[in-house]
Structures are given as structure tokens and as C-alpha cells.
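What follows is a set of notes on a single structure, which appears directly below.
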Amino acid sequence: MSLSAQDKKSLEEIHQLFLKLEKSSGDFSFEASALKELKAKILALSASGNPDVSRLSPLEKHLTDSMTLKHFVSYSIPFERLLHKNLQDDEFLVIENDKDATPQEKLPLVFVLDNIRSAFNVGSIFRTAECLGASKIYLCGYTPLPTQWKVEKTAMGTQEYLEWEEAPKLLECLEELKDEGYRIVALETAASATDLYEAFDMEPTAFVLGNERFGLDPEVLKVIDEVRIIPLRGRKNSLNVGVTAAVAGFEWLRQWRQK
């Protein structure tokens, strides 16, 4: 049964209250007035003529000020699903004390992103690179910058801790990195590519990732030092570019720690 305009309005209000309380509960306590309002709105759903909506009303009695954050979030899921909400990673609560005030020394590893179209993918790579301890990200072609809100939102603040540079011309960027002593490694599904899990030369490394659909231009592959490919066992022959950056980066780190 489809939602009436009133049911949808009520569920949206409840959903927003769940999000508000979740984000205000870093110390695992809940704002009393907001929790009371949430309970009242859920209880009022019993008057709905839609059984999918009215059946949520009894959940009200489970919301107490002594519940854990984990339990609180679990009660929000039925409302999200009824509204067909699909929360993005950046919408989840991040506990502030997860941050390390004394991060380790940066790795001699950089990421070069060429003509990446998706702001979500770029933000994801920023988050991965910062968590990994990489030194820098270079943004080439029309790759969006972290000054754009969609990148900033997905990066979840990591762009503040990671050096980055806009480098419009990829080939010039790669030449400069070579002059600085970096080994240029393309992550690409080329026929001549080396298995990612083969030993790396443990020297400063620049991973180059191209457009989600078209990859890197052939002339770029002529100037890099090597091409690496992630071996896959399924029918598809490639991963999302953000996932590729994470897999390659942490494999490189694993080998670096063993050198």
C-alpha cells in the first residue's frame, strides 16, 4: 500500500528526529525533549489506516533514555526502509574521539586521480588515503576538488589532514613525480598488467587511477613505470575506483611494513 501524504509527512518528521538524536548522542545520552517528541509522533502512527505504518506505533515503548546508541539506531531502521531511505556513508554518526591526535609519519605514497567524474569516488579516496597515511593526492583533468561540497561531504573532514594539489595536466604531473623519485604505477585492467600482489619495489610510489568508465588514455600508459591489476574471480573485470584505491593502497602498506 502506498503512503498517504500525511503518513509520509509523519514518517519524514520521525526520521529527522531519529537523525537529530543520533547526532546529539555522542556521550550516549539523549535530549529529553526531543526523545519525548519522537515517542509521541511514533505513538500517533496508530491512527494511520495503512497497516505498514500503524504497526510501527508499538516501537515507541522501546525508546528509553537509558538505551544504548546501538539499540536506538536499530529502531530507526523500519522507518528508513518504509521511506525507502538509502543513507550515504557520510550521514552516519562519526564518534569524534576516533581521531588520533598523534598520527604516524606519512608514507611515501601518493594517489593521482585523472578525470574521475564522481565526487563520491573522490571523497572516498580522500578518506582512504588519509586513513592509510598517504602523503598527498593530485587531482588532474576534470576531477572534482575537495572544495566542492559533495567531495567534502564524502571525505568526512579527511581533506583537512591530507595534502592535495590540483594538477590539470596529468602527463606534466607524472613527469614532476618522476623527477622527485616516485615510481609511477597505474591501476588498470591492461593485458600486460602485473598482479597487484606481486612484490613492489619499496620506493616512493604514485598510484594513478583513471576515469571510472574509460580508464587511462593509452599515451599515459606509455610513460608510467608499471601497470598493476587486482586479480578478480568473478565475471566482472574491474572494481569501483574507490575500492581499487583502497585495495591497492593497503596491499602496498602491507608490503612496506614487511620490508
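Data for the structure
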quantity: Inter-residue pairs, beta-carbon under 9 Å, first without any contact (Cβ under 8 Å) to a residue 24 or more places away in the chain and in segment 147-171, second aliphatic (A, V, I, L, M), 6+ apart; calculated: TRP149/ALA119; GLY157/VAL94
quantity: Positions within segment 129-149 being at pLDDT 95 or above and among the β-branched types (Val, Ile, Thr), in sequence order; calculated: ILE137
quantity: Some residue of segment 65-76 being of a type in the set (S, T, N, Q) and in contact with a His (Cβ under 8 Å, 6 or more places away or on another chain); calculated: yes
quantity: Checking LEU83 against (1) surrounded by 14 or more Cβ atoms within 10 Å (Cβ to Cβ); (2) at pLDDT 90 or above, the condition it does not meet; calculated: (2)
quantity: Test: residue in segment 193-204 that is at pLDDT 90 or above, among the β-branched types (Val, Ile, Thr) and within 17 Å of LEU113 (Cα to Cα); calculated: no
quantity: Failed condition for LYS41, given (1) in contact with a Ser or Thr (Cβ under 6 Å, 6 or more places away or on another chain); (2) surrounded by 14 or more Cβ atoms within 10 Å (Cβ to Cβ); (3) over 15 Å from HIS71 (Cα atoms); calculated: (1)
quantity: Only listed residue being modelled with pLDDT of 90 or more, in the same structural domain as GLY181 (by TED's automatic domain parsing) and within 19 Å of ASN121 (Cβ to Cβ), chosen from ILE224, ILE230; calculated: ILE230
quantity: Residue satisfying condition, being touching a Ser or Thr at 6+ places or on another chain (Cβ under 9 Å), in contact (Cβ under 8 Å) with a residue 40 or more places away in the chain, among the hydrophobic types (A, V, I, L, M, F, W, C) and in the same structural domain as ILE14 (by TED's automatic domain parsing), within set VAL73, VAL53; calculated: VAL53
quantity: Selection count where residues are surrounded by 15 or more Cβ atoms within 10 Å (Cβ to Cβ) and touching a residue at least 24 places away in the same chain (Cβ under 8 Å), scope segment 227-240; calculated: 5
quantity: Some residue of segment 241-249 being surrounded by fewer than 20 Cβ atoms within 10 Å (Cβ to Cβ) and either free of Cβ contacts under 8 Å to residues at least 60 places away in the same chain or not assigned by TED's automatic domain parsing to the domain that holds SER118 (or both); calculated: yes
quantity: PHE250 vs. criteria of a type in the set (Phe, Trp, Tyr), in a helix (DSSP H, G or I) and within 19 Å of VAL122 (Cβ to Cβ); calculated: yes
quantity: Evaluation of THR128 against (1) buried (at least 19 other Cβ atoms within 10 Å of the Cβ); (2) without any contact (Cβ under 8 Å) to a residue 40 or more places away in the chain; (3) out of contact with any Ser or Thr (no Cβ under 8 Å at 6 or more places or on another chain) (one fails), failing number; calculated: (2)
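The values are calculated or read from the model by the stated rules, or taken from the named source; none is laboratory data. Given the structure is predicted, the values throughout are model-derived calculations rather than measurements. Glycine gets a Cβ as well: all are built from the backbone with ideal geometry, and neighbour counts include every protein chain shown.
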